[in-house]
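What follows is a set of notes on a single structure, which appears directly below.
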Amino acid sequence: MDDQTWARTPIEPQSVNAPLSAAAIFLVVTVEADETSLATARDVVSDVGGLVRAVGFRDLGGRLSCNVGIGSELWERLGQPSKPRQLDRFHPIPGSGGHTAVSTPGDLLFHIRGERIDQCFELERLILAKLGEAIEVVDETQGFRYFDSRDLLGFVDGTENPTGQSMAEAALIGDEDPDFAGGSYVVVQKYLHDLTAWGTLSTEQQEAIIGRTKADNLELDDGERLSHKGLNTIVDENGVEHDILRDNMPFGRPGAKEFGTYFIGYSRDLWVIDHMLRRMFIGSPVGEYDRILDFSKAVTGTTFFVPSNDVLEGLAP
């Protein structure tokens, strides 16, 4: 899509394949147990497109967008006639080396992104105002683009994202689940980095863990053990490689000594992300886990289904 088209048209809600942005807000909330709160949440999420347009039209060049994800338990509470086939809660993964992929609560995910943090802020403010006392905020993380799309460990992130038609094939549900075609499964994890310990490693040691060169982002061959890159490459028994769409963002508060990466992965098949995380945390073979976990700790873990905009709007009474 060319720049002239972007200047006339806001990004449609639930656009999983929206461009990587300069800013993002990841908002995870739970919905209170009473029916009034459930009704409020239903009203707000089914009309989130109206809020996006209200804020986004102030500057279409800001490319504001929002994807709403719905957790497994909330989907059942919404009383829909059917459920996405693979939707399930995030199951914790006790791993090797004392590392665990934890599971944390979450009924709704609002993945807000754009080129202007003020627009992202305003959209989040309006969403929370509409939801009011119906929800409780579980996690709120503001991400930002760091130099040339690097994470706070100093490496370029997102290099292996699919592009073009491959993006839709990797991230969007197809005819295998026709009621939910065009939707996507998404897993979010908040990782906190020990930058002090990471900084004690040489560049060569860091590169061996990541599987890429630090300066020019060139792929390295794995040596005796699989790197982070190698463990995140999923190939099935037929030799077919399965991709996911990542929209990770760095975040941090230097005054609080908090530095991290917010992992967000969209996938047509939830099992692909599950297999990836098991390889990272348990190892391949068992015990040969992702050494990045010695410096990055997962403190959240939640799974959601991002319906197409038509399905989302259809949740309205």
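Starting from the alpha-carbon convex hull of region 1-158, give the projected area averaged over all orientations, in nm².
The directionally averaged projection comes out at 11.6 nm².
Karplus couplings for region 105-122 from phi (6.51 cos²θ - 1.76 cosθ + 1.60, θ = phi - 60°), rounded to Hz, Gly and Pro as x?
x, x, 9, 9, 10, 10, 9, 9, 8, x, 8, 10, 5, 5, 5, 4, 4, 5
Suppose each label sits 7 Å from its Cα in the direction of the beta carbon; what would the Asn238-Arg89 distance come out to in nanometres?
My value for the distance between the label points is 3.4 nm.
How far is the Cα center of region 190-237 from the Cα center of region 127-141, in Å?
Distance between centres, Cα-based: 36 Å.
Cross-link candidates for Lys297: which aspartates and glutamates have Cα within less than 13 Å, leaving aside residues fewer than 8 places away along the same chain?
Filter leaves Asp194, Glu258.
Could you give each residue of region 35-51 its phi-based ³J(HN,Hα) in whole Hz, using Karplus coefficients 6.51, -1.76, 1.60 with θ = phi - 60°, and x for Gly or Pro?
5, 5, 5, 4, 5, 4, 4, 4, 5, 5, 5, 6, 10, 5, x, x, 5
If R0 is 45 Å, what FRET efficiency do you get for Asp148 and Asp310 from their C-beta distance, rounded to 0.05?
0.75
Give me the Kirkwood hydrodynamic radius of region 206-289 in Å, from all C-alpha pairs, to one decimal place?
About 14.5 Å, per the Kirkwood formula over Cα pairs.
Looking at region 105-147, which chymotrypsin sites (Phe, Trp or Tyr not before Pro) are DSSP coil and have at most 15 other C-beta atoms within 10 Å of their C-beta?
Phe147
Give me the extension gain from Thr100 to Asp221: residue separation times 0.36 nm, minus the current Cα-Cα distance, reported in nm with one decimal.
Working: separation 121, 0.36 × 121 = 43.56 nm, distance 2.71 nm.
Separation in residues times 0.36 nm, less the Cα-Cα distance, equals 40.9 nm.
Could you tell me what percent of the accessible area of region 61-106 is made up of carbon and sulfur, with a 1.4 Å probe and every protein chain present? Kindly include the intermediate steps, with their values, before the conclusion.
Values: 990 of 2060 Å².
That share works out to 48 percent.
What accessible area per residue, rounded to a whole number of Å², is obtained for the chain using a probe radius of 1.4 Å?
Heavy-atom SASA per residue in the chain reads 46 Å².
Return the distance in nm (one decimal) between the two label points of a simple spin-label model at Leu78 and Thr163, each offset 7 Å from Cα along Cα→Cβ.
Roughly 3.4 nm, to one decimal.
Work out from phi, with θ = phi - 60° and the Karplus expression 6.51 cos²θ - 1.76 cosθ + 1.60, the ³J(HN,Hα) of each residue of region 66-74, listed in order in whole Hz, and give x for Gly and Pro.
8, 10, 9, x, 10, x, 4, 5, 5
Scan region 224-282 for trypsin sites (Lys or Arg not before Pro) in coil per DSSP, keeping those whose Cβ has at most 11 other Cβ atoms within 10 Å, and list them by number.
Those satisfying the criteria are Lys257.
Please identify the GluC sites (Glu not before Pro) of region 59-155 that satisfy two criteria: DSSP loop assignment and at most 16 other Cβ atoms within 10 Å. Which are they? Please list the in-between numbers first.
Values: sites: Glu73, Glu76, Glu115, Glu122, Glu124, Glu133, Glu136, Glu140; in loops: Glu115.
Hits after loop and neighbour filter: Glu115.
Give me the tail of P(r) for the chain as a percent: Cα-Cα pairs with distance above 29 Å.
Considering the chain, 35 percent of its Cα-Cα pairs are separated by more than 29 Å.
At 0.36 nm per residue, and after removing the present C-alpha to C-alpha distance, how many nm does the segment from Leu201 to Arg58 gain when stretched out fully?
Using 0.36 nm per residue and subtracting the Cα-Cα distance, I get 46.9 nm.
Please report the relative contact order for the chain, taking Cα pairs under 8 Å with a sequence separation of at least 6, and give it as a percent rounded to a whole number.
Across the chain, relative contact order equals 27 percent.
If I take every Cα pair under 8 Å that is 6 or more residues apart in region 209-265, average their sequence separation and divide by the length, what percent do I get for the relative contact order?
On the way: 57 pairs, mean separation 12.2, N = 57.
It comes to 21 percent, rounded to a whole number.
The values are calculated or read from the model by the stated rules, or taken from the named source; none is laboratory data. Keep in mind that what you see is a predicted model, and the values were worked out from it rather than measured. No Cβ is skipped: glycine too gets one built from the backbone with ideal geometry, and neighbour counts run over all protein chains shown. Each accessible area value is taken on the protein alone, full model and side chains, heavy atoms only, with ligands, DNA and RNA left out. Shrake-Rupley method; radii C 1.70, N 1.55, O 1.52, S 1.80 Å.
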